Amino acid sequence: MAADTHGAGAALATQATQQRVDVLIIGAGPGGSTAAALLAERGLHVALLEKDHHPRFHIGESLLPANLPLLDKLGVAAQVKAIGMEKWGAEFVSPWHAQHTQTYEFADAWDKTMPMAYQVRRSEFDHILIRNAARKGATVMEGCAVHEVRFLPEAGGAVVSATHDDGTQSSWAARMVIDASGRDTFLASRFKAKHRDPKHNSAAMFAHFTGVQRLGGKAQGNITIVWFEHGWFWLIPLADGATSIGAVVWPYYLKTRDKPLDQFFADTIAMSPDLSARLNAATRVTEVEATGNFSYSSDRTHGPNYLLIGDAYAFIDPVFSSGVMLAMQGGFMAADAVETCLREPAMAAQALARFDRGMRHGPRQFSWFIYRVNHPTMRDMFMGPRNIWRVKEALLSVLAGDIFGTTPIWGSVRLLKGIFYLASLRHLPRSWRARGLRKRQIQVESLPGVTGG
């Protein structure tokens, strides 16, 4: 079975030129670097291939409290603290409510031991993680783009072919492959296993600014989510004074663009008086970028001799900043599964079943809220929270990423969903209109000049 059909000769290089490893990982983002560090630390021979060179720009700067225990286990907590902006909560801003703002603090979640997280420059954060993988013993190759993976018969492993920046070729014989290639979705795309999310569809524009007005005191590092007519904005303060600003919009809106992207982005920001006020004295310091086809998933999490983690498996709307946490959690789950497969083959089926359940659990739990975050009933609930039956604490636990441990939130989460449905029925005409609007919003649109995912 091959993940690519061209260049078969290059892939089948002689044994003398092949480098042999236990695990080859495609992509050195948070998921790939996490898995590489853990597996190398456990004594396996790991190669981590990354097409870019670190440090490199990446969007997605907001971590969750559930990231912090993972950073501790990797041994990088102090390094991340040194580059991070403390994030104690999240502010939601709604132009449709008399009380425009509502702040949630992670300390009010069910588990009080994870009260904060960090905002980070991803270039610095990802660089810490890849260097940690190298320090733990992984063979790290940057500027090395994988272009073919050939899986051998009878679960015999894989031959991976890669091209380096200088044009040289390398070939790797691996017992297992972990695809952590992010939105490149290397294996899922080649296996035609990647499918857009039929329940959600969005696009994004983003850039960094200086001079953005921040909240006061302890809240200065909080993420701000601002709803507006065509979607929502994020505002993420960084430790060096820069602020990440992004607009996640429905594809139909981005398709109306008839001007340069930077002007279109500025005009979009102007639609929100609340956000515009925060940017009154701000200066944009990076180019505006855009990306489309935001939400997708693969129809599998693993196959013979390979696993998919992070965005290589699925990507959901970033409104709750879940991407880095899910990628790193996937790295931990992949490391456990791969180690079992290689060292205890008789237990491989059970290990892969656990991996599959874990990988599907995260996107499923966040998606229910993401699909409804623009629904008027959900906005009402966010802007006027009540803790009846501990539902606010349960919601905060989800927002904190505390969904993989033993915190007993799920009964209250189900009650929260029931409250949503009952409140929607109470305002049935409004809910019916919202349903029709959402069907229009998630229609697939062709977005010229926008990078796909």
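The values are calculated or read from the model by the stated rules, or taken from the named source; none is laboratory data. Computed from a predicted model, the values in this text were never measured in an experiment. For neighbour counting, all protein chains shown are included, and Cβ atoms are generated from backbone atoms with ideal geometry for every residue, glycine included. Note: areas computed on protein heavy atoms with side chains; ligands, DNA, RNA excluded. Shrake-Rupley method; radii C 1.70, N 1.55, O 1.52, S 1.80 Å.
Tabulated data for the structure shown
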item	result
Those residues of region 152-169 which are part of a strand (DSSP E or B), buried (at least 20 other Cβ atoms within 10 Å of the Cβ) and more than 26 Å from the chain's Cα centre (by Cα), in sequence order	158, 159, 161
Selection within region 106-117 - open to solvent by 20 Å² or more (accessible area, probe 1.4 Å), touching a helix residue (DSSP H, G or I) at 6+ places or on another chain (Cβ under 8 Å) and not in a loop (DSSP other than H, G, I, E, B)	108
Qualifying residues in region 43-55 (those that are in contact with a helix residue (DSSP H, G or I) (Cβ under 6 Å, 6 or more places away or on another chain) and either over 17 Å from residue 127 (Cβ atoms) or of a type outside the set (A, V, I, L, M, F, W, C) (or both)) - the one surrounded by the fewest Cβ atoms within 10 Å (Cβ to Cβ)	55
Residue ID - modelled with the highest pLDDT, chosen from residues in region 178-213 that are open to solvent by 50 Å² or more (accessible area, probe 1.4 Å) and part of a strand (DSSP E or B)	210
Residues of region 305-318 satisfying the condition of being open to solvent by 20 Å² or more (accessible area, probe 1.4 Å) and in a strand (DSSP E or B)	315
Positions within region 214-227 being more than 20 Å from residue 273 (Cα to Cα) and surrounded by 22 or more Cβ atoms within 10 Å (Cβ to Cβ), in sequence order	221
Scan of region 376-390 for residues that are of a type outside the set (Phe, Trp, Tyr) and either modelled with pLDDT under 95 or under 20 Å from residue 101 (Cα atoms) (or both), ordered by number	376, 377, 378, 379, 380, 381, 383, 384, 385, 386, 387, 388
Index of the failed condition, residue 148 passing every other in (1) acidic (Asp, Glu); (2) free of Cβ contacts under 8 Å to residues at least 40 places away in the same chain; (3) closer than 20 Å to residue 52 by Cα	(2)
Out of 373, 338, sole residue that is over 22 Å from residue 244 (Cα atoms) and open to solvent by less than 20 Å² (accessible area, probe 1.4 Å)	338
Tally, over region 263-304, of residues that are out of contact with any Ser or Thr (no Cβ under 7 Å at 6 or more places or on another chain), among the hydroxyl-bearing types (Ser, Thr, Tyr) and open to solvent by 30 Å² or more (accessible area, probe 1.4 Å)	3
